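The block underneath contains the structure these notes are about, expressed in structure tokens.
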Amino acid sequence: MFSLTSRPASGSLSTARDPFSLMDSLFSDWLSARPTSSLVANARIDVSERDANYEVRAELPGATREDINVEIEGARVSISAKTNVQSEKKEGDKVLYSERTSESYARAFELPQAVDAAAVVAKFENGVLTLTLPKKDAPKTKRIEIQ
């Protein structure tokens, strides 16, 4: 997401007569009025490196364990989540209001070194996914003797 800022008035143009200020305020109003999805807008990711592993922390508010999918292929990590929320307000037997929303989040990145996918530990607690990704030993260079 980007944000627009108003251009300062300069010289003889006042803010009211500056043609760019009108466009800037129009777009700013439109962008601020758009609703944001809680999962997508608030999803943050941190990647840190330790001696023998990488640690990934992804904030996924509103997601459950069942909503999250993690895939690892070599040094590539993919995290995705999808939520479906349905709310319904009834008065007696009559439905007065019904709404459904679906949100999705996907993030993929490549680490500097391959990961041992069989030894990955994934925990999800309080809306935060924590992945502990053990580094795979880099292949050793072997000198070949020529006969």
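Return the residues of region 53-74 that are under 13 Å from VAL120 (Cβ atoms) and among the aliphatic types (A, V, I, L, M); say none if nothing qualifies. Walk me through it before giving the result.
Of the residues in region 53-74, the ones under 13 Å from VAL120 (Cβ atoms) are 53-56, 70-74.
Within region 53-74, VAL56, VAL70, ILE72 qualify.
Which is assigned to a strand (DSSP E or B), modelled with pLDDT under 95 and touching a helix residue (DSSP H, G or I) at 6+ places or on another chain (Cβ under 8 Å), of SER104, SER78, SER98, SER87? Write out each step before concluding.
Values: SER78 fails: touching a helix residue (DSSP H, G or I) at 6+ places or on another chain (Cβ under 8 Å); SER98 fails: touching a helix residue (DSSP H, G or I) at 6+ places or on another chain (Cβ under 8 Å); SER87 fails: touching a helix residue (DSSP H, G or I) at 6+ places or on another chain (Cβ under 8 Å).
Testing whether each residue is assigned to a strand (DSSP E or B), modelled with pLDDT under 95 and touching a helix residue (DSSP H, G or I) at 6+ places or on another chain (Cβ under 8 Å) leaves just SER104.
Is there a residue being loosely packed, with under 14 Cβ neighbours inside 10 Å and more than 22 Å from the chain's Cα centre (by Cα) anywhere in region 118-131?
yes
Could you tell me whether any residue of region 54-70 is assigned to a strand (DSSP E or B) and free of Cβ contacts under 8 Å to residues at least 40 places away in the same chain?
To start, the set of residues in region 54-70 that are assigned to a strand (DSSP E or B) comprises 54-59, 68-70.
With free of Cβ contacts under 8 Å to residues at least 40 places away in the same chain added as a condition, the list becomes 69.
Yes, region 54-70 contains a residue that is assigned to a strand (DSSP E or B) and free of Cβ contacts under 8 Å to residues at least 40 places away in the same chain.
Quick one: in region 107-117, of everything that is of a type in the set (D, E, K, R) and in a strand (DSSP E or B), which residue is surrounded by the fewest Cβ atoms within 10 Å (Cβ to Cβ)?
Of region 107-117, the ones of a type in the set (D, E, K, R) are 107, 110, 116.
Narrowing further to those that are in a strand (DSSP E or B): 107, 110.
On the way: ARG107: 15, GLU110: 11.
Going through the qualifying residues, I end up with GLU110.
The values are calculated or read from the model by the stated rules, or taken from the named source; none is laboratory data. Since the model is a prediction, treat every value here as computed from it, not as a measurement. With ideal geometry, Cβ positions are generated from the backbone for all residues, glycine too; neighbour counts draw on all protein chains shown.
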